Amino acid sequence: MRTGWLILSLCSVLLFLPETASAGPGGTAPPDPATEEAGAIRDVYWVALATSLVVLVLVEAALLLFVVRFRSRPETSPDVEGPQIHGNTRLEVVWTIAPAVALLGLAVFTLAKTPAVQGKRASAGGEVLRIRVEAHQFYWQYVYPGGAVSLDLLRLPLGRRVTLELVSFDVAHSWWVPELGGKLDAIPGKVNRLHFRPARAGVFRDGKCAEFCGIQHAVMATTVEVVEPRKFNAWISRLRQTQGSGTSNLGRQTYEAACAKCHGPEGEGDIGPQIAGSGTITNRTAMRRLLLEGQDTDAAESYMPPVGRGWPERQFEALLQYLRASTTLSGEKSRG
Ligand code: CUA
(Lines give C-alpha, C1' and ligand atoms only; values in the text may rest on other atoms or scores of the structure.)
Protein backbone atom coordinates (compact mmCIF):
# COMPACT_ATOMS: atom_id res chain seq x y z
CA MET A 1 0.00 0.00 0.00
CA ARG A 2 2.82 2.38 0.93
CA THR A 3 4.59 1.52 -2.33
CA GLY A 4 1.45 2.43 -4.27
CA TRP A 5 1.42 5.90 -2.74
CA LEU A 6 5.11 6.35 -3.45
CA ILE A 7 4.70 5.48 -7.12
CA LEU A 8 1.61 7.69 -7.38
CA SER A 9 3.41 10.71 -5.91
CA LEU A 10 6.43 10.19 -8.16
CA CYS A 11 4.17 9.99 -11.21
CA SER A 12 2.43 13.22 -10.26
CA VAL A 13 5.79 14.98 -9.85
CA LEU A 14 6.83 13.76 -13.31
CA LEU A 15 3.55 14.95 -14.82
CA PHE A 16 3.94 18.30 -13.07
CA LEU A 17 7.42 19.01 -14.50
CA PRO A 18 6.50 19.68 -18.14
CA GLU A 19 3.51 21.73 -16.92
CA THR A 20 5.70 24.17 -15.01
CA ALA A 21 8.38 24.12 -17.70
CA SER A 22 5.96 25.36 -20.31
CA ALA A 23 4.15 27.82 -18.08
CA GLY A 24 5.22 30.75 -20.29
CA PRO A 25 6.35 34.03 -18.70
CA GLY A 26 7.87 33.21 -15.34
CA GLY A 27 8.10 29.54 -16.29
CA THR A 28 11.27 27.87 -17.41
CA ALA A 29 10.36 27.59 -21.09
CA PRO A 30 11.96 30.02 -23.56
CA PRO A 31 9.55 32.79 -24.68
CA ASP A 32 7.88 32.78 -28.08
CA PRO A 33 10.78 33.37 -30.50
CA ALA A 34 10.70 36.45 -32.73
CA THR A 35 13.72 35.39 -34.81
CA GLU A 36 14.94 32.19 -36.44
CA GLU A 37 17.94 32.33 -34.07
CA ALA A 38 15.77 32.33 -30.94
CA GLY A 39 13.73 29.51 -32.52
CA ALA A 40 16.89 27.42 -32.87
CA ILE A 41 17.69 28.00 -29.19
CA ARG A 42 14.18 26.89 -28.26
CA ASP A 43 14.58 23.70 -30.34
CA VAL A 44 17.81 22.81 -28.54
CA TYR A 45 16.14 23.55 -25.20
CA TRP A 46 13.20 21.21 -25.78
CA VAL A 47 15.30 18.36 -27.22
CA ALA A 48 17.72 18.56 -24.26
CA LEU A 49 14.83 18.71 -21.80
CA ALA A 50 13.01 15.76 -23.41
CA THR A 51 16.20 13.67 -23.43
CA SER A 52 16.82 14.49 -19.76
CA LEU A 53 13.23 13.58 -18.88
CA VAL A 54 13.54 10.18 -20.57
CA VAL A 55 16.77 9.52 -18.63
CA LEU A 56 15.14 10.72 -15.40
CA VAL A 57 12.14 8.42 -15.84
CA LEU A 58 14.32 5.39 -16.71
CA VAL A 59 16.73 5.89 -13.81
CA GLU A 60 14.05 6.70 -11.23
CA ALA A 61 11.86 3.79 -12.38
CA ALA A 62 14.81 1.38 -12.03
CA LEU A 63 15.61 2.86 -8.62
CA LEU A 64 12.03 2.44 -7.40
CA LEU A 65 11.84 -1.06 -8.80
CA PHE A 66 15.01 -2.07 -6.94
CA VAL A 67 13.91 -0.41 -3.69
CA VAL A 68 10.64 -2.34 -3.74
CA ARG A 69 11.92 -5.61 -5.15
CA PHE A 70 14.93 -5.96 -2.82
CA ARG A 71 13.50 -4.40 0.35
CA SER A 72 14.19 -6.09 3.67
CA ARG A 73 11.49 -8.54 4.64
CA PRO A 74 10.37 -9.42 8.16
CA GLU A 75 10.95 -13.14 7.56
CA THR A 76 14.65 -12.61 6.66
CA SER A 77 17.18 -12.19 9.45
CA PRO A 78 19.06 -8.84 9.19
CA ASP A 79 22.51 -10.48 9.21
CA VAL A 80 21.91 -12.78 6.24
CA GLU A 81 24.35 -11.95 3.39
CA GLY A 82 22.85 -11.42 -0.06
CA PRO A 83 24.25 -13.25 -3.10
CA GLN A 84 27.71 -11.82 -4.03
CA ILE A 85 27.63 -10.97 -7.76
CA HIS A 86 30.74 -9.92 -9.71
CA GLY A 87 30.51 -8.53 -13.24
CA ASN A 88 27.87 -8.73 -15.91
CA THR A 89 29.43 -7.94 -19.28
CA ARG A 90 26.19 -7.45 -21.17
CA LEU A 91 24.78 -5.08 -18.55
CA GLU A 92 28.01 -3.09 -18.34
CA VAL A 93 28.19 -2.70 -22.12
CA VAL A 94 24.58 -1.49 -22.17
CA TRP A 95 25.03 1.09 -19.41
CA THR A 96 28.17 2.40 -21.05
CA ILE A 97 26.87 2.58 -24.61
CA ALA A 98 23.37 3.92 -23.87
CA PRO A 99 24.51 7.14 -22.13
CA ALA A 100 27.29 7.60 -24.70
CA VAL A 101 24.74 7.40 -27.53
CA ALA A 102 22.41 9.80 -25.73
CA LEU A 103 25.21 12.33 -25.17
CA LEU A 104 26.50 11.97 -28.72
CA GLY A 105 22.99 12.48 -30.07
CA LEU A 106 22.60 15.66 -28.01
CA ALA A 107 26.04 16.92 -29.06
CA VAL A 108 25.40 16.33 -32.77
CA PHE A 109 21.97 17.97 -32.59
CA THR A 110 23.33 20.99 -30.70
CA LEU A 111 26.29 21.42 -33.07
CA ALA A 112 24.00 21.13 -36.07
CA LYS A 113 21.80 23.89 -34.64
CA THR A 114 24.69 26.17 -33.66
CA PRO A 115 25.03 28.04 -36.99
CA ALA A 116 21.30 28.85 -36.84
CA VAL A 117 21.66 30.03 -33.22
CA GLN A 118 24.57 32.28 -34.19
CA GLY A 119 22.61 33.78 -37.08
CA LYS A 120 25.24 32.61 -39.57
CA ARG A 121 22.55 32.47 -42.20
CA ALA A 122 21.34 35.95 -41.36
CA SER A 123 24.81 37.46 -41.67
CA ALA A 124 25.54 35.90 -45.04
CA GLY A 125 24.66 38.23 -47.93
CA GLY A 126 21.93 40.85 -48.08
CA GLU A 127 22.02 44.36 -46.70
CA VAL A 128 22.78 44.35 -43.00
CA LEU A 129 21.72 47.03 -40.56
CA ARG A 130 24.65 47.62 -38.22
CA ILE A 131 23.95 49.10 -34.83
CA ARG A 132 26.58 49.79 -32.21
CA VAL A 133 25.54 48.74 -28.73
CA GLU A 134 27.53 50.58 -26.09
CA ALA A 135 27.28 49.04 -22.65
CA HIS A 136 27.81 51.30 -19.65
CA GLN A 137 27.31 51.01 -15.92
CA PHE A 138 24.21 50.98 -15.95
CA TYR A 139 22.52 51.62 -19.30
CA TRP A 140 22.61 50.71 -22.98
CA GLN A 141 23.34 53.25 -25.68
CA TYR A 142 22.37 52.36 -29.25
CA VAL A 143 24.14 54.14 -32.10
CA TYR A 144 22.39 53.88 -35.48
CA PRO A 145 23.97 54.44 -38.89
CA GLY A 146 24.27 58.20 -39.34
CA GLY A 147 25.01 58.74 -35.66
CA ALA A 148 21.55 59.02 -34.07
CA VAL A 149 21.41 57.46 -30.62
CA SER A 150 18.80 56.04 -28.28
CA LEU A 151 19.18 54.83 -24.72
CA ASP A 152 17.77 51.63 -23.23
CA LEU A 153 15.22 51.44 -26.07
CA LEU A 154 16.28 49.85 -29.36
CA ARG A 155 14.07 50.13 -32.44
CA LEU A 156 14.51 47.68 -35.30
CA PRO A 157 12.84 47.26 -38.68
CA LEU A 158 10.88 44.08 -39.26
CA GLY A 159 12.47 41.55 -41.61
CA ARG A 160 15.86 43.24 -41.97
CA ARG A 161 19.10 41.48 -41.07
CA VAL A 162 20.67 43.09 -38.04
CA THR A 163 24.20 42.99 -36.66
CA LEU A 164 24.65 44.40 -33.17
CA GLU A 165 28.25 45.42 -32.45
CA LEU A 166 28.68 45.17 -28.70
CA VAL A 167 31.29 47.22 -26.90
CA SER A 168 31.79 48.26 -23.29
CA PHE A 169 33.19 51.43 -21.76
CA ASP A 170 33.80 50.06 -18.27
CA VAL A 171 33.26 46.45 -17.17
CA ALA A 172 31.83 43.33 -18.81
CA HIS A 173 28.08 43.37 -19.46
CA SER A 174 25.86 41.01 -21.41
CA TRP A 175 23.10 41.97 -23.82
CA TRP A 176 20.12 39.64 -23.73
CA VAL A 177 16.62 39.88 -25.18
CA PRO A 178 15.29 36.31 -24.98
CA GLU A 179 12.76 36.64 -27.83
CA LEU A 180 15.51 37.72 -30.24
CA GLY A 181 18.19 35.14 -29.48
CA GLY A 182 21.06 34.26 -27.20
CA LYS A 183 22.97 36.56 -24.90
CA LEU A 184 26.31 38.04 -25.85
CA ASP A 185 28.90 39.74 -23.65
CA ALA A 186 30.04 43.31 -24.12
CA ILE A 187 33.70 43.30 -23.09
CA PRO A 188 36.01 46.33 -22.76
CA GLY A 189 38.51 46.49 -25.64
CA LYS A 190 36.62 44.00 -27.77
CA VAL A 191 33.81 44.10 -30.36
CA ASN A 192 31.37 41.19 -30.19
CA ARG A 193 28.79 40.73 -32.92
CA LEU A 194 25.29 39.39 -32.58
CA HIS A 195 23.37 38.55 -35.76
CA PHE A 196 19.66 38.01 -36.20
CA ARG A 197 16.65 38.95 -38.32
CA PRO A 198 13.47 40.05 -36.55
CA ALA A 199 10.64 38.03 -38.09
CA ARG A 200 7.81 39.29 -35.90
CA ALA A 201 6.82 42.82 -34.96
CA GLY A 202 6.29 43.57 -31.30
CA VAL A 203 7.62 45.15 -28.15
CA PHE A 204 10.04 42.99 -26.21
CA ARG A 205 10.38 44.34 -22.69
CA ASP A 206 12.40 41.60 -21.04
CA GLY A 207 15.83 42.73 -22.22
CA LYS A 208 18.43 42.37 -19.48
CA CYS A 209 22.05 42.84 -18.72
CA ALA A 210 22.93 39.23 -18.02
CA GLU A 211 26.36 39.75 -16.47
CA PHE A 212 26.74 41.04 -12.94
CA CYS A 213 28.31 44.43 -13.53
CA GLY A 214 27.94 46.40 -10.33
CA ILE A 215 25.48 47.75 -7.81
CA GLN A 216 22.77 48.76 -10.31
CA HIS A 217 23.11 45.69 -12.55
CA ALA A 218 19.48 44.80 -11.78
CA VAL A 219 18.12 47.98 -13.37
CA MET A 220 20.23 47.67 -16.52
CA ALA A 221 17.24 46.64 -18.61
CA THR A 222 16.38 47.26 -22.23
CA THR A 223 13.33 47.20 -24.47
CA VAL A 224 13.36 46.33 -28.16
CA GLU A 225 10.61 47.48 -30.50
CA VAL A 226 10.35 45.77 -33.86
CA VAL A 227 8.32 47.93 -36.23
CA GLU A 228 7.42 48.05 -39.95
CA PRO A 229 10.41 49.19 -42.06
CA ARG A 230 8.51 52.28 -43.24
CA LYS A 231 7.83 53.33 -39.67
CA PHE A 232 11.45 52.64 -38.74
CA ASN A 233 12.81 54.74 -41.59
CA ALA A 234 10.54 57.65 -40.72
CA TRP A 235 11.52 57.39 -37.04
CA ILE A 236 15.25 57.18 -37.68
CA SER A 237 15.33 60.14 -40.08
CA ARG A 238 13.32 62.25 -37.64
CA LEU A 239 15.68 61.23 -34.85
CA ARG A 240 18.71 62.16 -36.93
CA GLN A 241 17.19 65.50 -37.78
CA THR A 242 16.03 66.47 -34.26
CA GLN A 243 19.23 65.28 -32.59
CA GLY A 244 21.28 67.15 -35.20
CA SER A 245 19.40 70.38 -34.55
CA GLY A 246 19.32 69.91 -30.77
CA THR A 247 15.53 69.77 -30.57
CA SER A 248 15.17 66.12 -29.55
CA ASN A 249 14.55 64.77 -26.07
CA LEU A 250 18.08 63.32 -25.96
CA GLY A 251 18.84 65.25 -22.78
CA ARG A 252 15.93 63.75 -20.88
CA GLN A 253 16.63 60.26 -22.29
CA THR A 254 20.24 60.55 -21.20
CA TYR A 255 19.30 61.77 -17.74
CA GLU A 256 16.81 58.95 -17.23
CA ALA A 257 19.14 56.21 -18.46
CA ALA A 258 22.54 57.37 -17.23
CA CYS A 259 21.84 59.55 -14.16
CA ALA A 260 18.43 58.79 -12.62
CA LYS A 261 19.09 55.10 -11.94
CA CYS A 262 21.61 56.05 -9.24
CA HIS A 263 20.69 59.63 -8.32
CA GLY A 264 16.89 59.29 -8.41
CA PRO A 265 14.31 60.52 -10.95
CA GLU A 266 14.31 64.00 -9.37
CA GLY A 267 17.99 63.96 -8.51
CA GLU A 268 16.95 63.45 -4.88
CA GLY A 269 19.56 60.76 -4.32
CA ASP A 270 19.26 56.98 -4.21
CA ILE A 271 22.27 54.71 -4.14
CA GLY A 272 24.16 57.73 -5.47
CA PRO A 273 24.20 61.08 -3.67
CA GLN A 274 21.58 63.81 -4.14
CA ILE A 275 22.45 65.94 -7.17
CA ALA A 276 19.43 68.24 -7.31
CA GLY A 277 20.61 71.74 -6.57
CA SER A 278 24.29 70.83 -6.73
CA GLY A 279 26.51 73.47 -8.30
CA THR A 280 28.36 70.85 -10.33
CA ILE A 281 25.49 69.87 -12.57
CA THR A 282 25.20 73.31 -14.09
CA ASN A 283 28.97 73.75 -14.39
CA ARG A 284 29.96 72.75 -17.91
CA THR A 285 33.66 72.05 -17.22
CA ALA A 286 33.08 70.15 -13.99
CA MET A 287 30.27 68.12 -15.54
CA ARG A 288 32.28 67.14 -18.59
CA ARG A 289 35.15 65.95 -16.43
CA LEU A 290 32.88 64.03 -14.08
CA LEU A 291 31.01 62.35 -16.94
CA LEU A 292 34.20 61.40 -18.78
CA GLU A 293 36.35 60.36 -15.85
CA GLY A 294 33.80 59.30 -13.27
CA GLN A 295 34.80 59.41 -9.64
CA ASP A 296 37.01 56.76 -8.19
CA THR A 297 39.30 58.20 -5.54
CA ASP A 298 39.85 57.48 -1.87
CA ALA A 299 38.96 61.08 -1.10
CA ALA A 300 35.43 60.78 -2.49
CA GLU A 301 32.97 58.67 -0.58
CA SER A 302 31.08 57.27 -3.54
CA TYR A 303 32.25 55.68 -6.76
CA MET A 304 30.78 56.96 -10.00
CA PRO A 305 31.36 55.24 -13.33
CA PRO A 306 32.52 57.37 -16.29
CA VAL A 307 29.02 57.33 -17.77
CA GLY A 308 29.72 59.83 -20.53
CA ARG A 309 32.51 57.97 -22.31
CA GLY A 310 31.89 57.70 -26.03
CA TRP A 311 29.11 60.29 -26.10
CA PRO A 312 28.90 62.53 -29.14
CA GLU A 313 29.37 66.21 -28.35
CA ARG A 314 25.70 66.98 -28.81
CA GLN A 315 24.78 64.48 -26.10
CA PHE A 316 26.79 66.39 -23.48
CA GLU A 317 25.08 69.55 -24.64
CA ALA A 318 21.65 67.96 -24.56
CA LEU A 319 22.15 66.70 -21.00
CA LEU A 320 23.51 70.04 -19.75
CA GLN A 321 20.61 71.83 -21.37
CA TYR A 322 18.15 69.44 -19.77
CA LEU A 323 19.71 69.83 -16.31
CA ARG A 324 19.67 73.62 -16.57
CA ALA A 325 16.09 73.70 -17.84
CA SER A 326 14.81 71.52 -15.00
CA THR A 327 13.94 73.69 -12.02
CA THR A 328 14.13 70.71 -9.66
CA LEU A 329 17.56 69.59 -10.79
CA SER A 330 19.24 72.93 -11.27
CA GLY A 331 18.00 74.06 -7.87
CA GLU A 332 16.14 77.08 -9.30
CA LYS A 333 13.06 76.09 -7.33
CA SER A 334 14.74 76.04 -3.93
CA ARG A 335 16.49 79.33 -4.65
CA GLY A 336 13.03 80.71 -5.49
CU1 CUA B 1 25.48 45.56 -17.01
CU2 CUA B 1 24.91 43.85 -15.49
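The values are calculated or read from the model by the stated rules, or taken from the named source; none is laboratory data. On a predicted model such as this, the values are computed, not experimentally measured, just so you know. Using ideal geometry, Cβ is built from the backbone for each residue, glycine included, and neighbour counts are taken over all protein chains shown.
Candidates are the residues of the stretch 168-206 that are modelled with pLDDT of 95 or more, within 13 Å of the ligand (Cβ to nearest atom) and closer than 19 Å to Gln118 by Cβ; the one that is surrounded by the most Cβ atoms within 10 Å (Cβ to Cβ) is Ala186.
Are there strands (runs of 3 or more DSSP E) fully within the stretch 95-204 with at least 1 residues that are closer than 30 Å to Val54 by Cβ? List them.
The strands (runs of 3 or more DSSP E) meeting that bar are 173-176.
Tallying residues that are more than 16 Å from the ligand (Cβ to nearest atom) and either over 20 Å from Asp185 (Cβ atoms) or under 18 Å from the mean Cα position of the chain (by Cα) (or both) within the stretch 126-151 yields 13. Contact map, the stretch 252-277: first residue among the charged types (D, E, K, R), second residue part of a helix (DSSP H, G or I), Cβ cut-off under 7 Å, separation 6 or more or different chains; pairs are Arg252/Tyr322; Lys261/Val219; Glu266/Thr328; Asp270/Cys262; Asp270/His263.
In the condition set (1) surrounded by 13 or more Cβ atoms within 10 Å (Cβ to Cβ); (2) at pLDDT 85 or above, Ala29 is compliant with all but (2). Taking the stretch 287-309 as the range and being surrounded by fewer than 17 Cβ atoms within 10 Å (Cβ to Cβ) and either modelled with pLDDT under 85 or outside any helix (DSSP H, G or I) (or both) as the test, the residues that pass are Gln295, Asp296, Thr297, Asp298, Ala299, Ala300, Glu301, Ser302, Tyr303, Arg309. The listed residues are Leu154, Leu111, and the only one of them that is at pLDDT 95 or above, within 16 Å of the ligand (Cβ to nearest atom) and not small (Gly, Ala, Ser) turns out to be Leu154. Of the residues examined, Ala116 is one that is more than 23 Å from Ala258 (Cβ to Cβ), aliphatic (A, V, I, L, M) and away from the ligand (no atom under 16 Å from the Cβ). Counting only helices (runs of 4 or more DSSP H) that fall entirely inside the stretch 207-286 and contain at least 1 residues that are within 16 Å of the ligand (Cβ to nearest atom) and surrounded by 17 or more Cβ atoms within 10 Å (Cβ to Cβ), the qualifying elements are 260-263.
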